[in-house]
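The structure under discussion appears below in the form of structure tokens.
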Amino acid sequence: MPFYRAHPSTILRSLRPYTAEFLGTALIITIGDGVVAQALLSDYQYGTWLSINLAWASAVALSGYLSNPSPACNPAITLVRALVRPEPGTKQWQTLPGKILAQFLGGFVGAALVYTNYRSAIYAWDPEFTIPGGSILSPRGHHSAGIFSTYPAAFLGSNWEAAFSEVLASAVLMFGALSVGDPVNATRFPAPQISMFLLLLAIGAALGWETGYAINPARDFGPRLFSAFLYGREVFTAANYYFVVPLVAPIFGCLVGATAYDTLVYEGTGSRIADALGKGKGYEGVDEEDLAREGELRLH
């Protein structure tokens, strides 16, 4: 029996969904953690809360151009899409573990790039390499571990308050993303990446203060894992094991957002929630060109 070797282009094509998730998440973290580093390490001379929100929103919007359909770059969205909006005839569940792994790996690599770029600045600003809420105190009150991953505001009474904030922000993210990606809105959202920019900017400006709005397990855990090599295992134990909140809460938040959208708004097909309620009506009044444009922002 002859042996056939796969053509390199075939291999690259099969890896494209994973490379898009990896590169997209790495891009988001490089820009997002980078703007936090620039603002924090310069004592806000070269950055503000507004610039931080603008940079994160821009990074998410830019990642949407890396493939068609756009990569989710968010394990919570990837998982909830598979649960709520299954895609018959595709390998959605088979590819899900690889995509999620690529997202976490992208977060890790993005954080490594930010550290490499700002290494000297971090040493100068926080030579003790301290963690917000950690056991090592900085004489100057500097905590550089917050560059890489999120930590709760000191005034929060418990991690349950932080979890509520993350669930709420993630629900808004998922609800808004499904609205932008809905085929019936294709003519109203001709540039879905710009709409996602506005959505992320609004979430950061309105709901980002208390927890740093991780709203993405890969955004927090990947960089946190990298930071453990610099700051030690306390990045996981600090603030009463806070790392669990941005790892788990966005999944529940995205599920809440998807449930709300598909229950109250969605009238298309393919939603387990809408079908269970008997409200799926198909895409009435939407022509084939509008349907085709759904691929611009299908989050899977």
Any idea which residue in region 135-157 is surrounded by the most Cβ atoms within 10 Å (Cβ to Cβ), counting only those that are small (G, A, S) and under 25 Å from L207 (Cβ atoms)? S149
Please name all residue pairs, on different chains or six or more residues apart, with Cβ atoms under 9 Å, provided the first residue is in region 109-128 and is polar (S, T, N, Q) and the second residue is crowded, with 18+ Cβ neighbours inside 10 Å and in a helix (DSSP H, G or I). N117/T30; N117/G34; N117/A37
Please enumerate the residues belonging to region 264-300 that are in a helix (DSSP H, G or I), at pLDDT below 85 and either within 26 Å of the chain's Cα centre (by Cα) or closer than 18 Å to G89 by Cβ (or both). L291, A292, R293, E294, G295, E296
Just name the residue that is nearest to R224 (Cα to Cα) out of those in region 32-54 that are crowded, with 19+ Cβ neighbours inside 10 Å and in contact with a Leu (Cβ under 9 Å, 6 or more places away or on another chain). D33
Just to check your reading of the model, which residue among Y261, Y241 is modelled with pLDDT of 95 or more, exposed (fewer than 15 other Cβ atoms within 10 Å of the Cβ) and under 27 Å from A162 (Cα atoms)? Y241
Taking the condition touching a residue at least 60 places away in the same chain (Cβ under 8 Å), surrounded by fewer than 22 Cβ atoms within 10 Å (Cβ to Cβ), more than 21 Å from T78 (Cβ to Cβ) and not aromatic (F, W, Y), does L225 pass? no
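Each row is one residue, and each column tells you yes or no for (1) touching a Gly at 6+ places or on another chain (Cβ under 9 Å); (2) buried (at least 23 other Cβ atoms within 10 Å of the Cβ).
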| site | (1), (2) |
| --- | --- |
| E166 | yes, yes |
| S170 | yes, yes |
| L178 | yes, yes |
| P183 | yes, no |
| T187 | no, no |
| A191 | no, no |
| L199 | yes, no |
| I203 | yes, no |
Residue pairs qualifying under the 9 Å Cβ cut-off, at least six apart or on distinct chains, with the first in region 181-195 being under 15 Å from E267 (Cβ atoms) and modelled with pLDDT of 90 or more and the second being assigned to a helix (DSSP H, G or I) and not hydroxyl-bearing (S, T, Y), are G181/P192; G181/E294; G181/E296; D182/E294
Among (1) free of Cβ contacts under 8 Å to residues at least 60 places away in the same chain; (2) under 30 Å from R16 (Cα atoms); (3) in contact with a Ser or Thr (Cβ under 9 Å, 6 or more places away or on another chain); (4) of a type in the set (S, T, Y) - the single one T150 does not satisfy: (1)
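Let's see how each residue does on (1) touching a Ser or Thr at 6+ places or on another chain (Cβ under 7 Å); (2) part of a loop (DSSP other than H, G, I, E, B):
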position	(1), (2)
F22	no, no
G34	no, no
D43	no, yes
S67	no, yes
P71	yes, yes
L79	no, no
With respect to S138, determine if the residue is in contact with a Ser or Thr (Cβ under 6 Å, 6 or more places away or on another chain), of a type in the set (G, A, S) and assigned to a helix (DSSP H, G or I). no
If I ask for residues that are on the phi < 0 side of the Ramachandran plot and either touching a strand residue (DSSP E or B) at 6+ places or on another chain (Cβ under 6 Å) or of a type in the set (A, V, I, L, M, F, W, C) (or both), which ones from region 72-88 would you list? A72, A76, I77, L79, V80, A82, L83, V84
Expected single match for over 21 Å from the mean Cα position of the chain (by Cα) and not in a loop (DSSP other than H, G, I, E, B) among A238, A249, A228 is A238
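The values are calculated or read from the model by the stated rules, or taken from the named source; none is laboratory data. Since the structure is predicted, the reported quantities are computational estimates derived from the model, not experimental observations. All Cβ positions, even for glycine, are placed from backbone atoms using ideal geometry, and neighbour counts span all protein chains on display.
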